[in-house]
Amino acid sequence: MTMATLFVVGVALLCAVISAWAVLRIIQAGDLAWKPLWLIGSLFGVIGFGLDPRAPGHLFFHVGFQIPVVMGVWSSAGGLLLKALFPPIALVALVKIEAPVRR
């Protein structure tokens, strides 16, 4: 397993945990304004990394919108194309929800 593979898997785990945690906290939040929009926005990834099996060890940088934040696609060329995009709306929602609790 190359360092590029470990990096993308680590980013994918981080993105999935942040998105899932935000969805759970948004659902639990009682008085959050625009709750459905925060919930849907937390599922979108915007910027991240991917790994292509046809070019082992080569990362690609991805900018765009993707739902879910982590996606694996089996390619006919052999291997799994793994993309992980960071969910910034989920991070903002977590800060918005968690910040008043810590005061």
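List of remarks:
- Filter pass, residue 17 being loosely packed, with under 12 Cβ neighbours inside 10 Å and among the β-branched types (Val, Ile, Thr): no
- Screening the stretch 1-76 for strands (runs of 3 or more DSSP E) wholly inside it with 1 or more residues that are more than 16 Å from the chain's Cα centre (by Cα) and hydrophobic (A, V, I, L, M, F, W, C) returns the ranges 59-66, 70-74.
- Sub-6 Å Cβ pairs linking a first residue in the stretch 1-13 that is closer than 9 Å to residue 50 by Cα to a second residue that is hydroxyl-bearing (Ser, Thr, Tyr), at least 6 apart or interchain, number zero.
- Assessment of the stretch 38-54 against the conditions (touching a residue at least 60 places away in the same chain (Cβ under 8 Å), of a type outside the set (A, V, I, L, M) and more than 27 Å from residue 1 (Cα to Cα)) yields no matching residue.
- Members of the stretch 59-103 found to be in contact (Cβ under 8 Å) with a residue 12 or more places away in the chain, of a type in the set (Gly, Ala, Ser) and closer than 19 Å to residue 14 by Cβ, listed by number: 64, 84, 90, 93
- Checking 81, 59, 85 one by one, the residue that is out of contact with any helix residue (DSSP H, G or I) (no Cβ under 8 Å at 6 or more places or on another chain) and surrounded by 16 or more Cβ atoms within 10 Å (Cβ to Cβ) is 81 and no other.
- For residue 96, the conditions (1) in a strand (DSSP E or B); (2) of a type outside the set (Val, Ile, Thr); (3) modelled with pLDDT of 90 or more all hold with the exception of (1).
The values are calculated or read from the model by the stated rules, or taken from the named source; none is laboratory data. This structure is a prediction, so every number in the text was calculated from the model and none was measured. Cβ coordinates were reconstructed from backbone atoms using ideal geometry, including for glycine residues, and neighbour counts include every protein chain displayed.
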